[in-house]
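Everything below concerns the one structure shown next.
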Amino acid sequence: MAEAPRFYVFHGENAFAQGKTLGDLKRRLGDDPAMVSLNTMAFDGRTVSLAELEHACCTLPFLSNRRLVVVRGLIERLNEPGNRQDRDRILAFLPQLPASTRLILQEPHALPDGNPFVRLAASSPLGLARKFDLPDGRALVQWIRLQVASQGGCIEPDAIALLVLGIGNDLYLLENEIDKLLSYTRLTRPIRAADIRLLTASGVQAGVFDLVDAVGQRLESKATTLLRSLLEAGEEPLRLSGMITRQFRLLIQVRERLDMRFLPDEIGPDLGLKPYPTGKLVQQASSFTLKRLEDIYRRLLDNDLAIKTGNTQPIVALELLVVELCSR
Amino acid sequence: MTQVLYRKWRPTTFDQVVGQEHVTETLLSALVLGRVAHAYLFAGPRGTGKTTTARLLAKAVNCLEEELAGRPCNRCRICRAINEGRFLDLIEIDAASNTGVDDVRDLREKIGFSPNEGRYKVYIVDEVHMLSTAAFNALLKTLEEPPRHAIFVLATTEVNKIPATVISRCQRFDFRRIPVVRMISRLEELLAHEGVEAEPAALDLIARQATGALRDAESLLDQVLSSQAGRVTLQQTQAVLGTVGAETICELVDAWLNADVAAGLLTLQKAVNSGSDPQQLGRQTVDYLRGVLYLKTGGQVPSDVPEALESDLGRHAELIGVGELIRGIRRFGAAAAESRGGWQPQLPLELALVESVSERLAESAEPAKTPEAAAPGGSTGEARPKPMPSERPSAVQQARPVTVAQVESQWGAFLAAVKQRDFRIEAMLRSGQGVLGIEGATVVLGFKYALHREKMESDEWRCVIEDSLADVLGTAVGIRCAEPEAYRPVQPARPDEPAGDAGALDVEEIKRFAVEELNAQVTETGA
């Protein structure tokens, strides 16, 4: 039987999945949290001394057959110029880890395949390298579906779209929102878009999106009704004003690129936006000319000044803004 | 010592929390399903029930009642201990006065100890946005890996000041402003407990003043109750809150819309003399005008407007245009903000009234003038409403024929007139191909791109262009846009028609232009 790995290299932006995997490894240490705590040591890789780390790795477990040592950010530090000697020392030390120790080297960013730690972990029978990428696009949709299903619930496609639009791939936040939504539905029915709008912050984001849509089409009545419902839902006017400004800033960026003959698929990566929200923005940008967007943006600045200088109450300023934008 | 109403009648079960059913139902479900999270974030405006709900959660997770849905029972020793403020495992921390990293470190050191009496140690961190960055980082470590016996409830009125990493580790609930109707019901309940009667209008006024914060409404009710024993009346409430009745606001708006300055000033004077606070008066006026604005733009009366005011709102909405209304709201809003101090606190309101009436008079004297030109300071980013089609005469109806040369000779003046009204339109006109031709009383303008043509022909822009043309040509004309390369004149020139008499008119126009614009002199005339 192949021997279990003794050192692990976990790297990539998906801190959520890294955390879950680490949690699984911890659970293998035993059921008693106190004993797990006694046999787990965590270090900040940016500051830990190599001697301290080696000492922790060579210590025998207490009333257990395994001991876990977690170091965050060490590889990044050892990759810096001038740390070559330290890096070689750790690379030489890893294959000599005691059989009772599990060393986890965690990195918050993805490492290249040629990184010596990744190479060693991949080639050594005692090592394991694992890259944790954030899910995106279809993978994210699937992740949400699985997360809901794993707790005995189900979710409608519209609701998934709203979650993706509002939260993106912040998996910690998504997990918490899904937990909350499942509690709200009592696992007796699917999570619907209306639940997202009622219970989550991404519902507000969707509301702002609809509001900007209505402004784009100069639907004064719809825009004021949407604004009123957002305000009555307790949304803070200043925050709402910030969200509306952000939406128009994104629209200006998207409109500019559309006018420069960018393809919709090229806009997202250029602006650092995820595919789903980019698609929605491209769709929305078609209702505006760049000139109108610039004009609206200037008006948003006036509005911000009016609020922050105390000349106009925030709620009143927002209402007037929406009416004006629809009539301009 | 007498306890204030909001503390005396603080909700003791989830169903007593008003207006936050989306939160209480979810928490109760989580409790029943055994899905209680280890960290919650309660965000929302002040006085909407965040701390109350956090305490109810602390009670519910520790309650000894066997029926999960019946928690908190308020009968077991744990519930009683929490109600009496002597439960050791409920730790309330005011982050506003414990902002430092040491305070959080202290919390982390103690959190490892098991609960003294209950199942869970519940930490309520109020005003959590006040924590320092270092304190937040220290808290994040605990939130990431909390002990099984600890539940955190972070409460804040300013969720935007909390790091995203902390928000994402918590189950977030957004508390909402409480609707007026719900607040009135709650106030009625409290008064029933206290054995006091009240006029419905008085409670309505209190609920409106509280702007969605129930605690504020209960405090205001306390104030009114302590000012006079017995029945709560509208008059007494107005006196305590420094507000005026709806009829006063209606009188003020009537005076504005009838351009009757004297009546308006008298209304203000009477209100202030009877003890109303000018700032409140300004706010009430703005609130009322917002109602008119919603009615005008949304076509329906806002849900929080009293029924008694609906007919007045409708009447006023018919008498005023959106642009004028927006400027009025700005003036009265600024006046309300200015009325905080000063030796004549009602002066800003009086000036707002006078300015609004002046604008109204100016507009009625010059109906063709665009609102932004009439408004003082119209070029400083104030509202620029689109001219209402009904407010201006039909251009084509009043038109007499013009020629291409006439229009071209006035092109510079025309652009200047447009620029005064809206610089964007002038810029786009400059990018166009100028006049392509005349079709009766319609000037055909050339634009290469469909987008430009559409924009130019939009109601708002077309009105500005036609008005400017009318100003410089002295006659009303309409406009139409066409693509230069595709344009063919609809009516070919014929000598017997004015538009076709181009040669003769051209000469005259050129002469007039040379004399008027270039200071030339006619020295010789020929046939």
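Some values worked out for this structure:
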item	result
Test item: Cα-centred dipole of the stretch B:1-48, Lys/Arg +1 and Asp/Glu -1 on Cβ, debye	280 debye
Per-residue [θ]222 nm for the protein assembly as shown (sum of -39500 (n - 2.57) over DSSP H runs n ≥ 4, rounded to 500)	-17000 deg cm²/dmol
Length-normalised contact order of the stretch B:391-482 in % [C-alpha pairs under 8 Å, at least 6 apart]	37 percent
Built amide H within the under 5 Å cut-off of A:Ile191, gap 5+	A:Cys154, A:Ile155, A:Glu156
Residues A:Glu266 and B:Glu188, FRET efficiency given R0 of 41 Å [Cβ-Cβ distance, rounded to 0.05]	0.10
Calculated FRET efficiency for the pair B:Asp260/A:Glu156, C-beta based, R₀ 51 Å, to 0.05	0.30
Neighbour-count order for B:Ile151, A:Ile307, fewest beta carbons within 10 angstrom listed first	A:Ile307, B:Ile151
Ranking of A:Phe93, A:Phe209 by count of other Cβ atoms within 10 Å, fewest first	A:Phe93, A:Phe209
Exposure proxy ranking, count of Cβ atoms within 10 Å, fewest first, for B:Lys161, A:Lys222, B:Lys121	B:Lys161, A:Lys222, B:Lys121
Computed magnitude of the charge dipole of chain A (debye, nearest 20; Cβ of K, R +1, Cβ of D, E -1)	340 debye
Residues with amide H under 5 Å from that of B:Val153, placed H, sequence gap 5 or more	B:Tyr40, B:Tyr123, B:Ile124, B:Val125
Cβ-derived FRET efficiency at R0 30 Å, A:His109 paired with B:Phe423, nearest 0.05	0.05
Backbone HN-Hα couplings from phi across the stretch A:178-187 [Karplus 6.51/-1.76/1.60, Hz, Gly and Pro as x]	5, 4, 5, 5, 5, 5, 5, 7, 6, 6
In Hz, Karplus ³J(HN,Hα) per residue of the stretch B:279-291 (6.51, -1.76, 1.60; θ = phi - 60°; x = Gly, Pro)	5, 4, 4, x, 5, 4, 5, 4, 4, 5, 5, 4, x
Contour excess over end-to-end distance, with Cα ends at B:Ala134 and B:Glu460 and 0.36 nm allotted per residue	112.0 nm
Filter on A:Lys222/B:Lys296; B:Lys110/B:Lys141; B:Lys50/B:Lys161; A:Lys180/B:Lys50; B:Lys59/B:Lys110; A:Lys280/B:Lys455 - keep pairs with C-alpha separation over 19 Å	B:Lys59/B:Lys110; A:Lys280/B:Lys455
Near-label residues of the stretch A:1-36 by backbone N, under 14 Å of a point 7 Å along Cα→Cβ of A:Leu63	A:30-36
Reference-scaled alpha-carbon Rg (2.2 N^0.38 Å with N residues) for the protein assembly as shown	1.21
Inverse mean reciprocal Cα-Cα distance (Kirkwood Rh) of the stretch A:7-131, Å	14.7 Å
Amide H contacts of B:Leu436 (H built 1.01 Å from N, under 5 Å, at least 5 apart or other chain)	B:Val444, B:Leu445, B:Gly446
Selection from A:His11, A:Ser100, A:Phe117 lying farthest towards where the dipole of the stretch A:7-131 points positive, charges on Cβ	A:Ser100
Length released on extending from B:Glu307 to B:Ser226, taking residue separation times 0.36 nm less the Cα-Cα span	26.2 nm
Full-stretch length increase - B:Glu199, B:Ser114 - with 0.36 nm per residue and alpha-carbon distance subtracted	25.4 nm
Estimated distance in nm for a label pair at B:Leu319 and A:Ala51, the labels positioned 7 Å out from Cα along Cα-to-Cβ	8.9 nm
Top positive-direction residue, dipole computed over the stretch B:391-482 with Cβ charges, set B:Leu445, B:Val472, B:Pro401	B:Leu445
Karplus 3J(HN,Hα) series, Hz, for the stretch A:59-75 with 6.51 cos²θ - 1.76 cosθ + 1.60 (x for Gly, Pro)	5, 7, x, 10, 6, 7, 9, 9, 9, 10, 10, 10, 10, 9, x, 6, 4
Cα-Cα pairs of the stretch A:141-327 separated by more than 24 Å (percent)	44 percent
Largest-first principal axis extents of the Cα set of chain A (Å)	74, 51, 40
Inter-label distance for B:Trp9 and B:Glu25, nm, one decimal - labels placed 7 Å from Cα along Cα-to-Cβ	2.5 nm
Label point distance in nm, A:Arg77-B:Glu65, each placed 7 Å from Cα along Cα→Cβ	5.3 nm
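All of the numbers you see were taken from the coordinates with simple rules; none came from a lab. Treat the numbers as computed from the prediction; the structure is a model and nothing was measured. Positions of Cβ are backbone-derived with ideal geometry, glycine not excepted, and every protein chain shown enters the neighbour counts.
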